[in-house]
Amino acid sequence: MDNKEKFKSDVEHLAELQEKFEVMYEDIKKEKAAFEKTIENKKEAMDKVKKALEDLKEDIVEEGLKIFKETDEKSLYGGLKVQNKTVKVYDEAKAFGLAKEKKMFLQLDKKAFEKVASSLDLDFYEEKIEQRITFPKVIKLED
């Protein structure tokens, strides 16, 4: 078989494979659409449960933080815990200005700035301690 014949044969084989691929692709697309239709109700029900979970978690966080403020108890019912989180609050433009002034950075490196900022006594920087509730993977329903 010379080059032209092989080339022609390869192109014909390519056309066959492309056609086969398109048929398979369309079949899968149809089957996927049919499957999606069969689970549509389950997905809607799951979305409702997810929304209820999110809403209830918000309420539980609020209630848990109230209990913590009243009792200072960090371990709560069900294995939930209160954790303190340090939140660094500052004006990034002023922080960048300070960094530029001190020839520290060409751009604000937040992590590096936050490491040194508490020792610099800056009027635009503060650290706040906030409490948050953490949820265990498995909630233990026991006192």
Check your understanding: Amide H to amide H, which residues 5 or more places from K81 or on other chains are under 5 Å from it, using H placed in the peptide plane?
Key -> L76, T134
Practice item. Kindly express, to the nearest 10 degrees and within the range 0 to 90, the angle between helix 40-71's C-alpha long axis and the longest C-alpha principal axis of the chain. Key: 10 degrees
Review point. Taking the Cα atoms only, what angle lies between the long axis of helix 92-101 and the longest principal axis of the chain, rounded to 10 degrees?
Key: 80 degrees
Check your understanding: Residues with amide H under 5 Å of Y125's amide H, sequence separation 5 or more or different chain, H placed in the peptide plane at 1.01 Å from N; which?
Key -> none
Exercise for review: Would you mind checking the pairs K32/K57; K85/K140; K57/K88 and listing those with alpha carbons more than 28 angstrom apart?
Suggested key: K32/K57
Exercise for review: Just order 112-118, 67-73 by mean Cβ neighbour count inside 10 Å, highest at the front, would you?
Suggested key: 112-118, 67-73
Check your understanding: What list of ³J(HN,Hα) values in whole Hz, one per residue of the stretch 111-117 in order, does the Karplus curve 6.51 cos²θ - 1.76 cosθ + 1.60 (θ = phi - 60°) give from phi, with Gly and Pro shown as x?
Key -> 4, 5, 4, 5, 5, 9, 4
Exercise for review: Give me the net charge of I129's neighbourhood, meaning all other residues with Cβ under 12 Å from the Cβ of I129; Lys, Arg count +1, Asp, Glu -1.
Suggested key: +1
Point to revise | Hz values of 3J(HN,Hα) by residue in the stretch 124-136 - Karplus curve (6.51, -1.76, 1.60), Gly and Pro given as x | key: 10, 10, 8, 10, 10, 9, 10, 9, 9, 9, 10, 9, x
Check your understanding: Does anyone have the angle between helix 3-38 and the longest principal axis of the chain? Alpha-carbon axes, 0 to 90°, nearest 10?
Key -> 50 degrees
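Values in this text are rule-based calculations from the coordinates and carry no lab data. What you see is a predicted model, and the numbers here were worked out from it, not measured in a lab. Cβ: placed from backbone, ideal geometry, glycine included. Neighbour counts: every protein chain shown.
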